[in-house]
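Accompanying notes for the structure given below.
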Amino acid sequence: DFAKAYTKSKYKFDMVVFDEIHTCKTPTSKSAKTLMKLKAKRKIGLTGTIVTSHPEDCYVPLKWTGNTSSTYGQFKSLYNIYGGYNNVEIMGHKNLEMLKELLGICALRRTKEQMLDLPPKNYLLEYVEMSKEQSDLYGKVQESVLDELDKLDHKPTIIEEITINMRLRQITSCPSMLSSTVSKSAKLDRCEEMVESIVSQGDKVVIFSNFKDTVYEMEKRLSKYFPLIGTGDMQDALFSYNVNQFQTADTNKVFIGTWQKCGTGITLTSASYMIFIDTPWTDSDFQQACDRIYRIGQKKPVIIYTLITKNTYDERVQEIIEMKGDLANAIIDDKRKEN
């Protein structure tokens, strides 16, 4: 509706500024198609995470601002190395210096460290071990997942793999999502201990998970702290109230939410601690979620904990996050991981 009104307007717009332009990275998405309809003499796209997974994440922002004339297919072929099944799997990347040079010409990069006087931010990985009953359940689900993948009559797409493997993440997070008999969770037990320590010293903490079931389970476990929650099935008014209450009330020291609902657009700087029971799939989404407590208004050093269950799919997810983060750092900030 906005795009239709914009294009039919009798006024000619000199400038369009589009915030969080990385959300339009897929050319076939409705948001990207709408973006491309917005014409103006000057166009500015704002984002802190222009590369989330692959070089082609830059395509729509560059195309809209007139900084590339190539098609989407040409752009992908220029920067991706393909192979594997039917030669359609991304096996690596190439010409990244060329992309970095292009972005250097048309983009202005400013980090929070350059713009804001913020305290230090620290990331800590904490590994936990499953109990026997949780481990046995994980093994059974893992066998089921492998069997399901083997029965596919085609190479599974990324979406299919994520959907099937999501069950493994659910087991490491909150086993009761898939079992009526196993409720023991090494992550949730450890999270309880950490919250008790953090709150006892007078600090606040934000807890994020992929799953609303995990959020509700932690809400029950931490009921003595009167936790506030944020999930996608909440009414907006209640969600806004919970965010404001957490920011302003000394009595509410724990906020629990799904990162999908709470990872952008809100401020939770009354907390200086954050615990990820499980994380997003990309470093950009992870960093966006972390920045709920690391932004203007934060006065204390920030500590971000990520809980990882040993010898599980959690470790693979962490590898993916770090790999995608390394790619973005190499392209945008010319930071290369040292071997």
Query - Tabulated pairs, the stretch 310-323, first open to solvent by 60 Å² or more (accessible area, probe 1.4 Å), second assigned to a helix (DSSP H, G or I), C-beta under 8 angstrom, 6+ apart or interchain - result: Glu322/Asp283
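Working only within the stretch 91-140, note down all residues that are polar (S, T, N, Q) and modelled with pLDDT under 90.
Selection gives Thr111, Gln114.
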Query raised in the report: Is it the case that some residue within the stretch 126-135 is in contact (Cβ under 8 Å) with a residue 24 or more places away in the chain, surrounded by 13 or more Cβ atoms within 10 Å (Cβ to Cβ), among the small types (Gly, Ala, Ser) and more than 23 Å from Glu193 (Cα to Cα)?
Result: no
Query raised in the report: When residues of the stretch 171-188 are filtered for being part of a loop (DSSP other than H, G, I, E, B) and under 14 Å from Arg221 (Cα atoms), how many remain?
Result: 4
Report task. Return yes or no: is Thr68 closer than 25 Å to Gly263 by Cβ, open to solvent by 20 Å² or more (accessible area, probe 1.4 Å) and assigned to a loop (DSSP other than H, G, I, E, B)? Result -> no
Query raised in the report: From the set of residues in the stretch 218-235 that are under 21 Å from the mean Cα position of the chain (by Cα) and surrounded by fewer than 14 Cβ atoms within 10 Å (Cβ to Cβ), which is nearest to Ile304 (Cα to Cα)?
Result: Gly232
Query raised in the report: What number goes with the only condition from (1) open to solvent by less than 20 Å² (accessible area, probe 1.4 Å); (2) modelled with pLDDT of 95 or more; (3) in a helix (DSSP H, G or I) that Phe208 does not pass?
Result: (3)
Report task. Among the residues of the stretch 20-65, count how many are assigned to a loop (DSSP other than H, G, I, E, B) and over 21 Å from Ile331 (Cβ atoms). Result -> 7
Query raised in the report: Which condition does Lys12 not pass, out of (1) assigned to a loop (DSSP other than H, G, I, E, B); (2) open to solvent by 60 Å² or more (accessible area, probe 1.4 Å); (3) under 23 Å from Ile320 (Cα atoms), if it passes all the others?
Result: (3)
Requested in this report: Name, by its number, the condition in (1) open to solvent by less than 80 Å² (accessible area, probe 1.4 Å); (2) over 23 Å from Thr279 (Cβ atoms) that does not hold for Asn165.
Outcome: (2)
Report task. Kindly indicate the residue of the stretch 177-205 that is at pLDDT below 95 and more than 26 Å from Phe246 (Cβ to Cβ) and also surrounded by the fewest Cβ atoms within 10 Å (Cβ to Cβ) among those meeting that condition. Result -> Ser180
**Report entry** Lone qualifier among Ile320, Ile304, Ile275 - being of a type in the set (A, V, I, L, M) and at pLDDT below 95
**Finding:** Ile320
**Report entry** Exclusive hit being open to solvent by 10 Å² or more (accessible area, probe 1.4 Å), closer than 29 Å to Thr111 by Cα, at pLDDT 95 or above and touching a Gly at 6+ places or on another chain (Cβ under 7 Å), set Thr269, Thr248
**Finding:** Thr269
Report summary line: Scanning the stretch 136-164 residue by residue, those free of Cβ contacts under 8 Å to residues at least 12 places away in the same chain and closer than 30 Å to Gly45 by Cβ turn out to be Thr157, Ile158, Ile159
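The values are calculated or read from the model by the stated rules, or taken from the named source; none is laboratory data. Nothing here was measured: the structure is a model prediction, and the numbers come from that model. Glycine gets a Cβ as well: all are built from the backbone with ideal geometry, and neighbour counts include every protein chain shown. SASA here: full protein model, heavy atoms, side chains in, ligands and nucleic acids out. Shrake-Rupley method; radii C 1.70, N 1.55, O 1.52, S 1.80 Å.
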